[in-house]
Amino acid sequence: MIGLNVKDTIDEYLSVSKYINWKDHSILSKADEFKLNYTDEISLIKAIYEFVRDKIKHGMFRISV
C-alpha cells in the first residue's frame with residue numbers, strides 16, 4: 001500500500017512541478033480568458049472545472065494537453 005503524503009502548507013500544493021506548471025504562458029492566457037468571460041466566482045469555477053474535466057487529457061501515468 002502506498003503511504004499518504006500530506007503537505008503541511010498550501011504553498012507545497014501550489015508549487016510548480018514537472019507535471020503541473022501553472023506559470024506557463026498558455027495556462028496564464030487561458031486563465032485570463034476565463035476571467036474575462038465569467039464575472040461571478042461560481043460561474044468561473046464551474047467553467048474552469050468543466051474545461052479541465054472535458055478538454056484536458058489526464059490519467060494516473062500520462063498527462064497531456
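The values are calculated or read from the model by the stated rules, or taken from the named source; none is laboratory data. Since the structure is predicted, the reported quantities are computational estimates derived from the model, not experimental observations. Here the Cβ positions follow ideal geometry from the backbone for every residue, glycine too, while neighbour counts run over all protein chains shown.
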**Asked** Take the residues of segment 21-65 that are in a loop (DSSP other than H, G, I, E, B) and in contact with a helix residue (DSSP H, G or I) (Cβ under 9 Å, 6 or more places away or on another chain): which is modelled with the highest pLDDT?
**Response** Tyr38
**Prompt:** On the given criteria, is Lys18 closer than 17 Å to Ile56 by Cα and in a loop (DSSP other than H, G, I, E, B)?
**Reply:** yes
